[in-house]
Amino acid sequence: MTYTSERPPIAESSDSLRARIPGWGADLDPKVRPSVPKLQWQEDKTGAHWEFPERQPEKWPRERSIEHEFLTPVFGTSCPPKGLSGALRRFSYRKYSEGRAAHWLLLLAADRVDAWESHLRSFATLRPDNPVTETGVLSEFTRHGFSSRAGKNRADVKHHLADPIIIAGPWVLAAGLAYSAARKLLRWRRG
């Protein structure tokens, strides 16, 4: 069983593996393997002081892969799922196996949504996010940004033209939407 201190069972015997797989077991002779003392199972030297590890308490329902019977005994608690990003993460774990691309793509999307949730939440604080200084745009003009790229055969040169669109595009779009919403609100209040 997973997460126990017991030695895992051997699925097949050495003789059946040797008969089924050509060359299997060529290194079974302990005389030709220097790592034999480390490989011996020693009941008193496992280091485990438990039969099954003590379970960490769940303060909120945690995401659990559908491949596992239960939640791992220890798990991270630094970033509890919240908002739309948390709903996306829970849906990904509830619906898709970890072997499916949809599972990981939903988790990537949840990370992006979480970033935007954090940006929006920062506007409610005294120190909102500043995309100009946090993305390092100013260093392009003060720290030899262009000369470090020109003629250096760098692999990332191909996407330099797309970088401003990818980095600044969402901010410009958000500012445009906010401006448009503010204008509509002012027109509605006047009229």
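The values are calculated or read from the model by the stated rules, or taken from the named source; none is laboratory data. Just so it is clear, the model here is predicted, and its values are computed rather than measured. All Cβ positions, even for glycine, are placed from backbone atoms using ideal geometry, and neighbour counts span all protein chains on display. Surface areas here come from the heavy atoms of the whole protein model, side chains and all, with no ligands, DNA or RNA. Shrake-Rupley method; radii C 1.70, N 1.55, O 1.52, S 1.80 Å.
Residues in region 78-100 that are open to solvent by 70 Å² or more (accessible area, probe 1.4 Å) and part of a helix (DSSP H, G or I): Leu84, Arg90, Phe91, Arg94, Lys95. For region 53-77, filtered to residues that are free of Cβ contacts under 8 Å to residues at least 60 places away in the same chain, more than 16 Å from Arg94 (Cα to Cα) and open to solvent by less than 70 Å² (accessible area, probe 1.4 Å), the residue that is farthest from the chain's Cα centre (by Cα) is Pro53.
Would you call Val113 of a type outside the set (Lys, Arg), in contact with a Leu (Cβ under 6 Å, 6 or more places away or on another chain), open to solvent by less than 90 Å² (accessible area, probe 1.4 Å) and in a helix (DSSP H, G or I)? Judged against the criteria, Val113 is a match. Among the residues of region 19-37, the ones that are exposed (fewer than 10 other Cβ atoms within 10 Å of the Cβ) and either under 34 Å from the mean Cα position of the chain (by Cα) or modelled with pLDDT of 80 or more (or both) come to 2 in all. Would you tally the residues in region 120-131 being under 15 Å from Leu173 (Cα atoms) and without any contact (Cβ under 8 Å) to a residue 40 or more places away in the chain? Residues in region 120-131 being under 15 Å from Leu173 (Cα atoms) and without any contact (Cβ under 8 Å) to a residue 40 or more places away in the chain: 1 in total.
Could you grab me the full set of residues in region 127-150 that are under 30 Å from the mean Cα position of the chain (by Cα) and not acidic (Asp, Glu)?
Arg127, Pro128, Asn130, Pro131, Val132, Thr133, Thr135, Gly136, Val137, Leu138, Ser139
Note on region 134-163: among residues that are assigned to a helix (DSSP H, G or I) and open to solvent by 80 Å² or more (accessible area, probe 1.4 Å), the one that is nearest to Ser122 (Cα to Cα) is Glu134.
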